[in-house]
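Each reported figure results from applying straightforward, stated rules to the coordinates on display, with no laboratory input. Remember, it's a predicted structure, so these values are computed and weren't measured experimentally. Ideal geometry is used to build each Cβ from the backbone, glycine not excepted, and the neighbour counts take in all protein chains shown.
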Amino acid sequence: MKNYILTIFMLAGFTTSIIAQNDANPWSITVGTNAVDLSQETPFKDNISLSPNFSYLSISRYLCSGFSLDLGATINNIDRDSGSEDLYYSIEFGTTLSANEIIDLGDFEPSLSLALGYIDGLTFSGSEQDFFTINSGVGLKYWFNDTFALSVKSTYKAYTKEFDNLIEDGSFGENHFQHLAGLTFAFGDGDIDRDGVKDSIDECPEVPGLENFNGCPDDDGDGIKNSDDDCPTTAGLAALNGCPDADGDGIKDSDDACPNVAGLASMNGCPDSDGDGIIDKDDNCPNAAGDKAMNGCPDSDGDGVSDKDDDCPLVAGPASNKGCPEYPLSILSDFDINFDLEKYNIDSDDVQRLSTVIKVLLANSQAKISIEGHADNSGEESFNNPLSKNRASSIKDYLVNVGIDTDRLSIKAFGESMPKASNDSKQGRAINRRVEFKAVN
């Protein structure tokens, strides 16, 4: 008995951890001892014979859903009331259902079993008899680790003459119990996820997968296994780690702010057709480069009014005047400063009128003008020509003195050669003594 106990502990000490008997380790062997209980209906009421040796061996193969196939054998010496000793042995083949398929009890594994049994060695009427039984049992395993368990089982072996006669011409048999105890060892190269790839080579043993991916799944069927696929449920490209790129711009859809329109990486996948750094969907003028301040629209004259809203896109003007200057150059087209006879100096009235010219020049800061002096036909031409030049110069000097850039101003003198009115009247000659303003490109 001491040797028996020592052997049990040695086997426990050399056991390694895998998984209890299931798809992963489909095979198990149980070795132990047995007790034959000749009670007819209630266990432990009649003669019980306990074998002191290893007298019980069972081999089991896990199938699925908690079911396994079992083949077991026992041997025992039974002391009969008559004083004789029967050499009892039995074989059974059947199935076991693990309760762990229904409820998880941690390290404990209850089970139910049903089997066809064969008994030999029991003595009836002075002769040894063999007979068949239908065996039903309950068992319990306690798993010390993932491959090693303590196992106990009680089986009721029912004999009916009708069943025995189906197999052989039976004449004697006896209902009885048999109690088993032993150590169970689970092993084998199984397929826990049932994907057809053995666990020993399955890189994803707990998840059904494909053989060409060593047992790992490819849920979206894009040829990239889930563990390497950044988008495992949506088919994609290897270059993008399995993620899709609907618009083909090289940016995966999950990172693409415009997944259905090809764009630029610098713009998070959105297009910028005019290259102004503003994505098309935020650009009010997507085909014309512009400023962010103008929501992507150009402002050619820099007046803060985008060209599309500017009635004078090449001339700066306030938004209140639709981008046009409030003092346009056109004001000067019919604007004259007139002079007294043979005079070229400017008076207070002229200064007041020149304020309009100044406003036009300030409103059109890039414009250049020509100041053109004229005279009537009074006096000689040799006098009128320098007189007209002096008139133009006096105007220019005044404008420069009030802050207009001299580079924007030029002068011309036409003398009496370009009268605006007839010199035959005093009124006409007064009109002709003048300075005109012309815009210069």
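Listing 356, 133 from the residue with the fewest other Cβ atoms within 10 Å to the one with the most, what is the order? All intermediate terms of the calculation are to be shown ahead of the outcome.
Values: 356 13, 133 25.
Fewest-to-most ranking of 356, 133: 356, 133.
Tell me the mean residue ellipticity at 222 nm calculated for the chain from its helices only (DSSP H runs of n ≥ 4, each -39500 (n - 2.57), averaged over every residue, nearest 500). Present the calculation step by step, with values, prior to reporting the outcome.
Values: 5 runs with 63 residues, N = 441.
Computed mean residue ellipticity for the chain: -4500 deg cm²/dmol.
What is the local net charge at residue 85, summed over the other residues whose Cβ is closer than 14 Å to its Cβ (Lys, Arg +1; Asp, Glu -1)?
Working: positive: 80; negative: 79, 81, 86, 128.
Every neighbour counted, the sum reads -3.
Using alpha carbons only, how many angstrom separate the centre of region 141-155 from the centre of region 341-412?
Each part reduced to its Cα centre gives a spacing of 118 Å.
Under a point spin-label approximation (7 Å from Cα along Cα-to-Cβ), what is the residue 265-residue 293 distance to one decimal in nm?
Modelled inter-label distance: 3.3 nm.
Order by neighbour count: 200, 28, 49, fewest other Cβ atoms within 10 Å first, most last.
Listed from fewest to most nearby Cβ atoms, that is 200, 49, 28.
Using a basic spin-label model with each label point 7 Å from the Cα along Cα→Cβ, how many nm lie between residue 342 and residue 101?
Modelled inter-label distance: 13.4 nm.
Going through the cross-link list 292/359; 359/389; 292/438; 343/396; 292/322; 396/420, which pairs have a Cα-Cα distance over 27 Å in this structure?
Working: 292/359 31 Å; 359/389 24 Å; 292/438 37 Å; 343/396 16 Å; 292/322 20 Å; 396/420 21 Å.
With Cα atoms farther than 27 Å apart: 292/359; 292/438.
Quick query: amide H of residue 421 versus all other amide H atoms, modeled in the peptide plane; which residues come in under 5 Å with a sequence gap of 5 or more or a different chain?
So residue 421 has HN proximity to 432.
Determine which aspartates and glutamates satisfy two conditions relative to residue 198: a Cα distance under 18 Å, and not lying fewer than 8 residues away in the same chain.
In chain and number order, the partners are 23, 189, 206, 211, 218.
Could you size up the charge dipole of region 329-440 around its Cα centre, putting +1 on the beta carbon of Lys and Arg and -1 on that of Asp and Glu, and report it in debye to the nearest 20?
My answer is approximately 280 debye.
At R0 = 35 Å, how high is the FRET efficiency between residue 162 and residue 210 if r is their beta carbon distance? Nearest 0.05 is fine. It would help to have the intermediate numbers written out before the result.
On the way: r = 53 Å, r/R0 = 1.50.
In this case the efficiency is close to 0.10.
Return the label of the correct value of Rg/Rh (Cα atoms, Kirkwood Rh), as calculated from the structure shown, out of (1) 1.71; (2) 0.99; (3) 0.94.
Given (1) 1.71; (2) 0.99; (3) 0.94, the calculated one carries the label (1).
Name the GluC sites (Glu not before Pro) in region 168-231 that are in a loop by DSSP and that have at most 10 other C-beta atoms within 10 Å, would you?
Here no GluC sites (Glu not before Pro) fit, given the DSSP loop and packing criteria.
How would 75, 102 line up from fewest to most surrounding beta-carbon atoms within 10 angstrom? List each step's numbers first, then the result.
Numbers: 75 16, 102 10.
Going from sparsest to densest Cβ surroundings: 102, 75.
Please list the non-local residues whose amide H lies under 5 Å from the amide H of residue 336, H modeled 1.01 Å from N, same-chain partners needing a gap of 5 or more.
Long-range HN contacts for residue 336: none found.
Which are the unpartnered cysteines of the chain, meaning those with no other cysteine Cβ under 4.7 Å from their Cβ?
64
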